[in-house]
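Chemist: Quick one: structure below, then a few questions.
The values are calculated or read from the model by the stated rules, or taken from the named source; none is laboratory data. This structure is a prediction, so every number in the text was calculated from the model and none was measured. Using ideal geometry, Cβ is built from the backbone for each residue, glycine included, and neighbour counts are taken over all protein chains shown.
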Amino acid sequence: MRARDLAVEYESVSVDSDALAAARLMAEHRLPGLLVLDEHGQPKAILPASQMVKVLVPAYVVEDPTLAAVVDEKHADRLCQALVGRRVGDCLPTTAAPPPIAAPDDTALEIAALMARVRSPLVAVAEKAKDGTHLLGVITAAHLLQELLRASGDSTGTTRS
């Protein structure tokens, strides 16, 4: 299995996209993260859903989790208001690493190793050219696992004795 064969179309957003709309996109499609593109349409970062959730949690609660118990449900239910008026770029960590990018001819093992090394739920598959990077698609960890299970003869995901 090569990256080009595993890559599928995937939702992406730009750094200037509305953060609340991006959160809705993640939630509605149950995505582990979004591929974030820069102003030129080039892969810039992966925004994991866990990072989006972190943006919702007030900093004082992140620093002292016991404070979460004193916030009433009425206020907790409004956490997504923290995204109003924000851009996706505002939700990326300040030290956001470039997204993991696999070459079209990379093998499933190379892709798995890349995901493991950078702890990313997705990997972009792209061809690098003189005029930039041409995105072919994305491989999610779940899709990679599914294909590896299928290749091993276990399409149900159950273990064999």
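Chemist: Can you tell me which condition Ile46 does not meet? The list is (1) within 30 Å of Ala151 (Cβ to Cβ); (2) surrounded by 19 or more Cβ atoms within 10 Å (Cβ to Cβ); (3) without any contact (Cβ under 8 Å) to a residue 40 or more places away in the chain, and all the others hold.
Modeler: (3)
Chemist: Residues Val61, Val55: which one is surrounded by 10 or more Cβ atoms within 10 Å (Cβ to Cβ), assigned to a helix (DSSP H, G or I) and free of Cβ contacts under 8 Å to residues at least 12 places away in the same chain? Can you show your working first?
Modeler: Working: Val55 fails: free of Cβ contacts under 8 Å to residues at least 12 places away in the same chain.
Going through Val61, Val55 in turn, just one is surrounded by 10 or more Cβ atoms within 10 Å (Cβ to Cβ), assigned to a helix (DSSP H, G or I) and free of Cβ contacts under 8 Å to residues at least 12 places away in the same chain: Val61.
Chemist: Additional query: Considering only residues that are in a helix (DSSP H, G or I), aliphatic (A, V, I, L, M) and out of contact with any Pro (no Cβ under 9 Å at 6 or more places or on another chain), which ones fall in segment 8-42?
Modeler: If we filter segment 8-42 for residues that are in a helix (DSSP H, G or I), which is where we start, we get 19-29.
Checking the rest, the ones that are also aliphatic (A, V, I, L, M) come to 19-23, 25-27.
If the condition is that a residue be in a helix (DSSP H, G or I), aliphatic (A, V, I, L, M) and out of contact with any Pro (no Cβ under 9 Å at 6 or more places or on another chain), then Ala19, Leu20, Ala21, Ala22, Ala23, Leu25, Ala27 are the ones that fit.
Chemist: Let me ask something else about it. Could we say that Ile111 is hydrophobic (A, V, I, L, M, F, W, C) and at pLDDT 95 or above here? If you could, list the steps in order and put the result at the bottom.
Modeler: Numbers: hydrophobic (A, V, I, L, M, F, W, C): yes; at pLDDT 95 or above: yes.
Yes.
Chemist: Filter segment 13-66 for residues that are of a type in the set (Val, Ile, Thr) and within 18 Å of Pro99 (Cβ to Cβ) and give the result. Steps first, answer last, please.
Modeler: At the first step, the residues of segment 13-66 found to be of a type in the set (Val, Ile, Thr) are 13, 15, 36, 46, 53, 55, 57, 61-62, 66.
Those that are of a type in the set (Val, Ile, Thr) and within 18 Å of Pro99 (Cβ to Cβ): Val13, Val15, Val36, Ile46.
Chemist: It is to be established whether one or more residues within segment 88-96 are part of a helix (DSSP H, G or I), out of contact with any strand residue (DSSP E or B) (no Cβ under 7 Å at 6 or more places or on another chain) and not hydroxyl-bearing (Ser, Thr, Tyr). Quick ask: steps written out before the conclusion?
Modeler: At the first step, the residues of segment 88-96 found to be part of a helix (DSSP H, G or I) are 88-91.
Keeping just the survivors that are out of contact with any strand residue (DSSP E or B) (no Cβ under 7 Å at 6 or more places or on another chain) gives 89-90.
Filter once more, so that each one left must be not hydroxyl-bearing (Ser, Thr, Tyr): 89-90.
So far as segment 88-96 goes, yes, one or more of its residues are part of a helix (DSSP H, G or I), out of contact with any strand residue (DSSP E or B) (no Cβ under 7 Å at 6 or more places or on another chain) and not hydroxyl-bearing (Ser, Thr, Tyr).
Chemist: Within segment 94-120, which residues are of a type outside the set (D, E, K, R), surrounded by fewer than 17 Cβ atoms within 10 Å (Cβ to Cβ) and under 13 Å from the mean Cα position of the chain (by Cα)?
Modeler: Listed by number, the residues that qualify are Ala96, Ala97, Pro98, Val118.
Chemist: If you don't mind, there's one more thing I want to ask. Give the residue, chosen from Val8, Val53, Val36, that is in contact with a Gly (Cβ under 6 Å, 6 or more places away or on another chain), within 24 Å of Arg117 (Cβ to Cβ) and modelled with pLDDT of 85 or more. It would help to see each step written out before you state the result.
Modeler: Details: Val53 fails: in contact with a Gly (Cβ under 6 Å, 6 or more places away or on another chain); Val36 fails: in contact with a Gly (Cβ under 6 Å, 6 or more places away or on another chain).
Criteria check complete, one pass: Val8.
Chemist: A follow-up question, please. What number goes with the only condition from (1) outside any strand (DSSP E or B); (2) under 17 Å from Glu9 (Cβ atoms); (3) within 13 Å of the chain's Cα centre (by Cα) that Leu144 does not pass?
Modeler: Only one criterion in (1) outside any strand (DSSP E or B); (2) under 17 Å from Glu9 (Cβ atoms); (3) within 13 Å of the chain's Cα centre (by Cα) is unmet by Leu144, namely (3).
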